[in-house]
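Chemist: My questions all concern the structure below.
The values are calculated or read from the model by the stated rules, or taken from the named source; none is laboratory data. Keep in mind that this is a model prediction, so the values were computed, not measured. All accessible areas refer to the heavy atoms of the entire protein, side chains included, with ligands and DNA or RNA removed. Shrake-Rupley method; radii C 1.70, N 1.55, O 1.52, S 1.80 Å.
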Amino acid sequence: LHHGLDSDWRLHVRPVGIVRAAMVFVDFPNARAEDNPAPYDETDAYHDFLAPGVDWFQRSSYGRFTIDITTVPKWFRMPLPDADYRLSRSNWSVENQLAYVRDVVELADPEVDFSGYDLLYIVPSRNARNVSFSPEFNDYTRAIVADGNVLKNGATYGQDMWNWGFKILNHETGHAISLPESYNAAGTGGTHRFVGGWDMMGNISGRAPELMAWNKWKLDWLQRPQVGCVTRPGTTEHRLTPIEVGGPPGTAKKMVVVRTGRYTAWVAELRR
(Lines give C-alpha, C1' and ligand atoms only; values in the text may rest on other atoms or scores of the structure.)
Protein backbone atom coordinates (compact mmCIF):
# COMPACT_ATOMS: atom_id res chain seq x y z
CA LEU A 1 0.00 0.00 0.00
CA HIS A 2 1.43 3.37 -1.00
CA HIS A 3 0.46 6.74 -2.47
CA GLY A 4 2.34 6.19 -5.72
CA LEU A 5 0.57 5.77 -9.02
CA ASP A 6 2.01 2.32 -9.74
CA SER A 7 -0.43 0.09 -7.84
CA ASP A 8 0.38 -3.61 -8.11
CA TRP A 9 -2.82 -5.15 -9.45
CA ARG A 10 -1.39 -8.63 -8.98
CA LEU A 11 -1.70 -8.06 -5.23
CA HIS A 12 -4.71 -5.75 -5.09
CA VAL A 13 -8.08 -5.62 -6.79
CA ARG A 14 -8.20 -3.27 -9.77
CA PRO A 15 -11.32 -1.14 -9.17
CA VAL A 16 -12.55 -0.76 -12.74
CA GLY A 17 -15.65 -2.47 -14.08
CA ILE A 18 -17.61 -5.06 -12.12
CA VAL A 19 -15.78 -6.68 -9.20
CA ARG A 20 -17.42 -9.65 -7.48
CA ALA A 21 -17.47 -9.96 -3.70
CA ALA A 22 -18.62 -12.80 -1.45
CA MET A 23 -20.12 -11.86 1.92
CA VAL A 24 -20.02 -14.64 4.51
CA PHE A 25 -21.66 -14.38 7.94
CA VAL A 26 -20.29 -16.10 11.05
CA ASP A 27 -21.30 -16.50 14.65
CA PHE A 28 -19.70 -18.22 17.63
CA PRO A 29 -20.64 -20.68 20.39
CA ASN A 30 -20.67 -17.83 22.93
CA ALA A 31 -22.22 -15.29 20.53
CA ARG A 32 -24.97 -17.02 18.60
CA ALA A 33 -26.77 -14.98 15.98
CA GLU A 34 -30.18 -16.18 17.16
CA ASP A 35 -29.53 -14.53 20.54
CA ASN A 36 -29.51 -11.07 18.96
CA PRO A 37 -32.76 -9.08 18.97
CA ALA A 38 -34.49 -8.84 15.61
CA PRO A 39 -33.53 -7.98 12.93
CA TYR A 40 -29.92 -8.78 13.86
CA ASP A 41 -30.64 -12.46 14.22
CA GLU A 42 -30.88 -12.61 10.40
CA THR A 43 -28.12 -12.05 7.86
CA ASP A 44 -30.13 -9.60 5.73
CA ALA A 45 -29.79 -6.86 8.33
CA TYR A 46 -26.00 -6.95 8.09
CA HIS A 47 -25.91 -6.88 4.31
CA ASP A 48 -28.46 -4.08 4.19
CA PHE A 49 -26.40 -2.07 6.68
CA LEU A 50 -23.26 -2.23 4.49
CA ALA A 51 -24.90 -2.23 1.04
CA PRO A 52 -25.00 1.59 0.59
CA GLY A 53 -21.22 1.39 0.26
CA VAL A 54 -21.75 -0.14 -3.17
CA ASP A 55 -23.64 2.94 -4.33
CA TRP A 56 -20.95 5.16 -2.81
CA PHE A 57 -18.26 3.52 -4.96
CA GLN A 58 -20.48 3.74 -8.04
CA ARG A 59 -20.91 7.48 -7.56
CA SER A 60 -17.38 8.29 -6.41
CA SER A 61 -15.84 6.44 -9.38
CA TYR A 62 -18.16 8.21 -11.86
CA GLY A 63 -19.62 4.82 -12.72
CA ARG A 64 -16.28 3.13 -13.37
CA PHE A 65 -16.32 0.78 -10.35
CA THR A 66 -19.15 -1.52 -9.31
CA ILE A 67 -19.04 -4.11 -6.52
CA ASP A 68 -21.40 -7.03 -7.06
CA ILE A 69 -21.92 -8.57 -3.61
CA THR A 70 -23.19 -12.13 -3.32
CA THR A 71 -24.37 -12.93 0.17
CA VAL A 72 -24.46 -16.40 1.66
CA PRO A 73 -27.73 -16.14 3.65
CA LYS A 74 -26.85 -18.35 6.60
CA TRP A 75 -24.78 -18.22 9.75
CA PHE A 76 -21.66 -20.36 9.81
CA ARG A 77 -20.93 -21.34 13.39
CA MET A 78 -17.24 -21.03 14.23
CA PRO A 79 -15.85 -23.85 16.39
CA LEU A 80 -14.26 -21.58 19.03
CA PRO A 81 -15.49 -18.64 21.12
CA ASP A 82 -14.88 -15.26 19.52
CA ALA A 83 -12.11 -14.31 21.99
CA ASP A 84 -10.03 -17.31 20.95
CA TYR A 85 -9.47 -15.84 17.49
CA ARG A 86 -7.60 -12.87 19.02
CA LEU A 87 -9.19 -10.20 16.86
CA SER A 88 -9.51 -7.38 19.39
CA ARG A 89 -7.34 -4.27 19.21
CA SER A 90 -5.20 -5.53 22.08
CA ASN A 91 -4.17 -8.83 20.46
CA TRP A 92 -4.87 -8.52 16.73
CA SER A 93 -2.14 -9.51 14.28
CA VAL A 94 -1.93 -10.26 10.57
CA GLU A 95 -1.26 -13.88 11.46
CA ASN A 96 -4.38 -14.04 13.65
CA GLN A 97 -6.50 -12.53 10.91
CA LEU A 98 -5.12 -14.90 8.28
CA ALA A 99 -5.88 -17.91 10.51
CA TYR A 100 -9.41 -16.61 11.10
CA VAL A 101 -10.08 -16.10 7.39
CA ARG A 102 -8.71 -19.54 6.60
CA ASP A 103 -10.99 -21.14 9.20
CA VAL A 104 -14.02 -19.28 7.82
CA VAL A 105 -13.26 -20.30 4.25
CA GLU A 106 -12.70 -23.94 5.20
CA LEU A 107 -15.96 -23.94 7.18
CA ALA A 108 -18.00 -22.40 4.36
CA ASP A 109 -16.31 -24.05 1.38
CA PRO A 110 -18.53 -27.18 1.31
CA GLU A 111 -21.54 -24.91 0.73
CA VAL A 112 -19.98 -21.92 -1.04
CA ASP A 113 -18.35 -21.85 -4.47
CA PHE A 114 -15.58 -19.29 -4.00
CA SER A 115 -14.45 -19.32 -7.62
CA GLY A 116 -14.74 -16.03 -9.43
CA TYR A 117 -14.70 -13.73 -6.39
CA ASP A 118 -12.20 -10.89 -6.09
CA LEU A 119 -13.21 -9.70 -2.63
CA LEU A 120 -14.17 -11.57 0.54
CA TYR A 121 -16.14 -9.84 3.28
CA ILE A 122 -16.55 -11.71 6.58
CA VAL A 123 -19.25 -10.31 8.87
CA PRO A 124 -19.67 -11.53 12.46
CA SER A 125 -22.81 -11.59 14.54
CA ARG A 126 -23.49 -8.32 16.33
CA ASN A 127 -23.04 -9.87 19.76
CA ALA A 128 -19.50 -11.11 18.95
CA ARG A 129 -17.97 -8.43 21.16
CA ASN A 130 -14.43 -9.77 20.95
CA VAL A 131 -14.24 -9.19 17.19
CA SER A 132 -13.93 -5.53 17.92
CA PHE A 133 -12.84 -3.77 14.74
CA SER A 134 -12.80 -4.06 10.96
CA PRO A 135 -9.35 -4.23 9.35
CA GLU A 136 -8.81 -4.79 5.67
CA PHE A 137 -7.71 -8.23 4.52
CA ASN A 138 -4.74 -8.20 2.16
CA ASP A 139 -2.98 -11.57 1.97
CA TYR A 140 0.26 -10.96 0.10
CA THR A 141 1.39 -14.54 0.76
CA ARG A 142 -1.43 -15.86 -1.48
CA ALA A 143 -2.03 -18.53 1.14
CA ILE A 144 -5.79 -19.07 0.95
CA VAL A 145 -7.11 -20.95 -2.06
CA ALA A 146 -10.66 -22.23 -2.41
CA ASP A 147 -12.28 -23.71 -5.51
CA GLY A 148 -9.20 -22.86 -7.52
CA ASN A 149 -9.38 -19.17 -6.57
CA VAL A 150 -6.87 -17.22 -4.49
CA LEU A 151 -8.78 -15.23 -1.86
CA LYS A 152 -6.43 -12.41 -0.97
CA ASN A 153 -8.41 -9.17 -0.57
CA GLY A 154 -11.41 -7.96 1.38
CA ALA A 155 -12.22 -7.15 5.00
CA THR A 156 -13.00 -8.87 8.29
CA TYR A 157 -15.64 -6.74 9.93
CA GLY A 158 -16.10 -6.22 13.64
CA GLN A 159 -18.18 -4.28 16.14
CA ASP A 160 -16.87 -0.86 15.12
CA MET A 161 -18.83 -1.13 11.87
CA TRP A 162 -21.92 -0.16 13.86
CA ASN A 163 -20.22 3.09 14.88
CA TRP A 164 -18.70 4.03 11.52
CA GLY A 165 -21.72 3.10 9.43
CA PHE A 166 -21.71 1.70 5.91
CA LYS A 167 -18.67 3.77 4.90
CA ILE A 168 -16.50 1.26 6.75
CA LEU A 169 -17.01 -0.86 3.63
CA ASN A 170 -15.58 1.92 1.48
CA HIS A 171 -12.61 2.63 3.74
CA GLU A 172 -11.54 -0.99 4.18
CA THR A 173 -12.18 -1.87 0.53
CA GLY A 174 -10.05 1.17 -0.23
CA HIS A 175 -7.11 -0.78 1.17
CA ALA A 176 -8.05 -3.81 -0.92
CA ILE A 177 -7.82 -1.62 -4.03
CA SER A 178 -4.32 -0.38 -3.03
CA LEU A 179 -4.95 2.81 -1.00
CA PRO A 180 -3.02 3.38 2.25
CA GLU A 181 -4.32 5.25 5.27
CA SER A 182 -4.56 9.02 4.87
CA TYR A 183 -4.81 9.63 8.59
CA ASN A 184 -1.85 9.89 10.95
CA ALA A 185 -1.66 6.23 11.91
CA ALA A 186 1.67 6.16 13.72
CA GLY A 187 3.10 9.67 13.97
CA THR A 188 2.86 12.37 16.59
CA GLY A 189 0.18 15.02 16.54
CA GLY A 190 -3.49 14.81 15.72
CA THR A 191 -4.93 11.68 14.14
CA HIS A 192 -6.52 13.58 11.25
CA ARG A 193 -3.93 16.33 10.86
CA PHE A 194 -3.14 15.46 7.23
CA VAL A 195 -6.45 15.34 5.35
CA GLY A 196 -9.11 15.85 8.00
CA GLY A 197 -12.48 14.72 6.74
CA TRP A 198 -11.67 15.30 3.06
CA ASP A 199 -10.65 11.78 2.14
CA MET A 200 -12.38 8.47 2.78
CA MET A 201 -9.02 6.97 3.73
CA GLY A 202 -8.74 9.62 6.45
CA ASN A 203 -11.69 10.33 8.73
CA ILE A 204 -14.48 7.95 7.71
CA SER A 205 -17.09 10.04 9.50
CA GLY A 206 -15.78 13.37 8.17
CA ARG A 207 -18.11 15.98 6.73
CA ALA A 208 -16.92 15.38 3.17
CA PRO A 209 -15.56 11.81 2.98
CA GLU A 210 -14.94 11.57 -0.74
CA LEU A 211 -11.64 10.33 -2.12
CA MET A 212 -8.95 12.86 -2.86
CA ALA A 213 -8.48 13.55 -6.56
CA TRP A 214 -4.99 12.03 -6.30
CA ASN A 215 -6.47 8.74 -5.11
CA LYS A 216 -9.03 8.78 -7.92
CA TRP A 217 -6.18 9.32 -10.38
CA LYS A 218 -4.28 6.43 -8.80
CA LEU A 219 -7.33 4.16 -9.18
CA ASP A 220 -7.86 5.10 -12.84
CA TRP A 221 -11.16 6.83 -12.14
CA LEU A 222 -9.80 10.07 -13.58
CA GLN A 223 -8.59 10.01 -17.17
CA ARG A 224 -5.45 11.71 -18.44
CA PRO A 225 -7.22 14.77 -19.92
CA GLN A 226 -8.79 15.44 -16.50
CA VAL A 227 -5.40 15.98 -14.86
CA GLY A 228 -3.23 19.04 -15.32
CA CYS A 229 0.50 18.74 -14.71
CA VAL A 230 2.83 21.71 -14.13
CA THR A 231 6.52 20.83 -14.27
CA ARG A 232 8.32 24.14 -14.86
CA PRO A 233 8.25 27.71 -13.54
CA GLY A 234 5.78 30.12 -15.08
CA THR A 235 2.09 30.93 -15.10
CA THR A 236 -0.64 28.61 -16.31
CA GLU A 237 -4.40 28.73 -15.91
CA HIS A 238 -6.58 25.73 -15.08
CA ARG A 239 -10.36 25.59 -14.70
CA LEU A 240 -11.40 22.92 -12.18
CA THR A 241 -14.82 21.40 -11.65
CA PRO A 242 -15.81 19.92 -8.26
CA ILE A 243 -14.43 16.46 -7.58
CA GLU A 244 -17.87 15.38 -6.31
CA VAL A 245 -19.51 16.05 -9.69
CA GLY A 246 -19.26 13.32 -12.30
CA GLY A 247 -19.77 13.40 -16.04
CA PRO A 248 -18.30 11.85 -19.16
CA PRO A 249 -14.58 11.05 -18.80
CA GLY A 250 -12.27 13.71 -20.12
CA THR A 251 -14.78 16.55 -20.15
CA ALA A 252 -13.47 18.62 -17.25
CA LYS A 253 -10.29 19.06 -15.24
CA LYS A 254 -10.47 17.59 -11.75
CA MET A 255 -6.90 17.99 -10.52
CA VAL A 256 -3.75 20.02 -11.11
CA VAL A 257 -0.38 18.69 -9.93
CA VAL A 258 2.43 21.21 -9.49
CA ARG A 259 5.81 19.55 -9.25
CA THR A 260 8.03 20.91 -6.47
CA GLY A 261 10.78 18.26 -6.42
CA ARG A 262 11.68 14.77 -7.49
CA TYR A 263 9.27 13.19 -5.03
CA THR A 264 7.07 16.12 -4.02
CA ALA A 265 4.21 18.12 -5.48
CA TRP A 266 1.31 20.37 -4.62
CA VAL A 267 -2.05 19.03 -5.71
CA ALA A 268 -5.08 21.27 -6.25
CA GLU A 269 -8.67 20.11 -6.47
CA LEU A 270 -12.04 21.77 -5.99
CA ARG A 271 -14.61 20.70 -3.40
CA ARG A 272 -18.14 22.03 -3.22
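Chemist: Over the Cα atoms of the stretch 145-272, Rg to Rh with Kirkwood Rh, two decimal places?
Modeler: 1.03
Chemist: While we're looking at this one, here's another question. Could you give the accessible area per residue of the stretch 146-272, probe 1.4 Å, as a whole number in Å²?
Modeler: 51 Å²
Chemist: So what J values fall out for the stretch 254-268 if you push phi through Karplus, 6.51 cos²θ - 1.76 cosθ + 1.60 with θ = phi - 60°, rounded to Hz, Gly and Pro as x?
Modeler: In residue order, the calculated couplings are 10, 7, 10, 10, 10, 5, 10, x, 4, 10, 10, 6, 8, 10, 10 Hz.
Chemist: Another one. I'd like the Karplus ³J(HN,Hα) series for the stretch 192-199: coefficients 6.51, -1.76, 1.60, θ = phi - 60°, whole numbers in Hz, and an x wherever there's a Gly or Pro.
Modeler: Listing the rounded values in order: 10, 6, 8, 10, x, x, 9, 8 Hz.
Chemist: Full extension from V72 to D109: what is 0.36 nm times the residue separation minus their Cα-Cα distance, to one decimal in nm?
Modeler: 12.2 nm
Chemist: Skipping prolines and chain starts, which residues have an amide H placed within reach, meaning under 5 Å, of the one on F28, given they are 5 or more residues away or on another chain?
Modeler: Correct list: A33, M78.
Chemist: Would you look at the GNM of the chain, springs on alpha carbons closer than 10 Å, and say which of V131, V13, V150 moves the most?
Modeler: V150
Chemist: In whole Hz, with x marking every Gly and Pro, tabulate ³J(HN,Hα) for the stretch 232-245 from phi via Karplus 6.51 cos²θ - 1.76 cosθ + 1.60, θ = phi - 60°.
Modeler: Values per residue, Gly and Pro as x: 9, x, x, 10, 10, 10, 9, 9, 9, 10, x, 5, 6, 9 Hz.
Chemist: Further, regarding this structure: Can you list the lysines whose alpha carbon is less than 17 Å from that of K218, not counting same-chain residues fewer than 8 positions off?
Modeler: The qualifying lysines are K253, K254.
Chemist: Now a separate question. Out of residues 5 or more away from T71 or on other chains, whose amide H comes under 5 Å of its own, with H placed 1.01 Å from N in the peptide plane?
Modeler: Amide H to amide H, under 5 Å and 5 or more residues apart or across chains, T71 pairs with M23.
Chemist: Now for a different question. For the stretch 1-145, list log₁₀ I(q)/I(0) at each q in 0.12, 0.13, 0.19, 0.20 Å⁻¹, using the Debye formula over Cα point scatterers of equal strength and ignoring solvent, two decimals each.
Modeler: Values returned for q = 0.12, 0.13, 0.19, 0.20 Å⁻¹ are -0.54, -0.64, -1.31, -1.40.
Chemist: Rounded to the nearest percent, how much of the accessible area of the chain (1.4 Å probe, protein heavy atoms only) is carbon and sulfur?
Modeler: 51 percent
Chemist: Then there is this: Can you list the lysines whose alpha carbon is less than 28 Å from that of K74, not counting same-chain residues fewer than 8 positions off?
Modeler: Correct list for K74: K152, K167.
Chemist: I've got another one for you. In whole angstrom, how long is each semi-axis of the equivalent ellipsoid of the chain, when you take the square root of 5 times every eigenvalue of its Cα gyration tensor and sort them from largest down?
Modeler: Largest first, the chain gives 36, 19, 17 Å.
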